[in-house]
Amino acid sequence: MNYYKTCPHYGANLDSGERCDCIAARYERLTPENRGKFDAMIAKLLEEQNAAQSAANALDGGVDKALTRPDSTSHDNRN
């Protein structure tokens with residue numbers, strides 16, 4: 001029995017382990033001007049994503065510190 005997957009962008013049937021190159025092929029067909037616009041848009045999206053991740057960590061890692069501090073209190077009442 002053959003197993004395959006379908007590219008979600010182009011619809012091509014791919015063999016197991018095969019990667020679709022449709023996105024790379026479409027990028028190669030862009031004009032240099034449009035490649036620059038595309039690259040700028042991707043850079044902006046990545047900056048926004050990194051800013052959102054930084055904002056989510058704005059508590060200075062308070063949760064991480066609480067988990068790693070050796071003097072943290074425990075709910076264990078055994079003495």
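Structure summary
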item	result
Residues located in the stretch 44-79, provided they are surrounded by fewer than 10 Cβ atoms within 10 Å (Cβ to Cβ) and either at pLDDT 95 or above or of a type in the set (Val, Ile, Thr) (or both)	68, 73
Count of residues meeting criterion [small (Gly, Ala, Ser) and either surrounded by 12 or more Cβ atoms within 10 Å (Cβ to Cβ) or at pLDDT 95 or above (or both)] in the stretch 1-42	3
Cβ pairs under 8 Å, 6+ apart, first in the stretch 36-54 and under 23 Å from residue 24 (Cα atoms) and in a helix (DSSP H, G or I), second open to solvent by less than 70 Å² (accessible area, probe 1.4 Å) and of a type outside the set (Phe, Trp, Tyr)	38/30
Any pair with Cβ under 8 angstrom, 6 or more apart, that starts in the stretch 6-26 at a residue that is in contact (Cβ under 8 Å) with a residue 12 or more places away in the chain and ends at one that is open to solvent by 80 Å² or more (accessible area, probe 1.4 Å) and among the hydrophobic types (A, V, I, L, M, F, W, C)	9/23
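The values are calculated or read from the model by the stated rules, or taken from the named source; none is laboratory data. Nothing here was measured: the structure is a model prediction, and the numbers come from that model. Note: ideal-geometry Cβ built from the backbone for every residue, glycine included; neighbour counts use all protein chains shown. Protein only, heavy atoms only, side chains kept; ligands, DNA and RNA dropped before computing areas. Shrake-Rupley method; radii C 1.70, N 1.55, O 1.52, S 1.80 Å.
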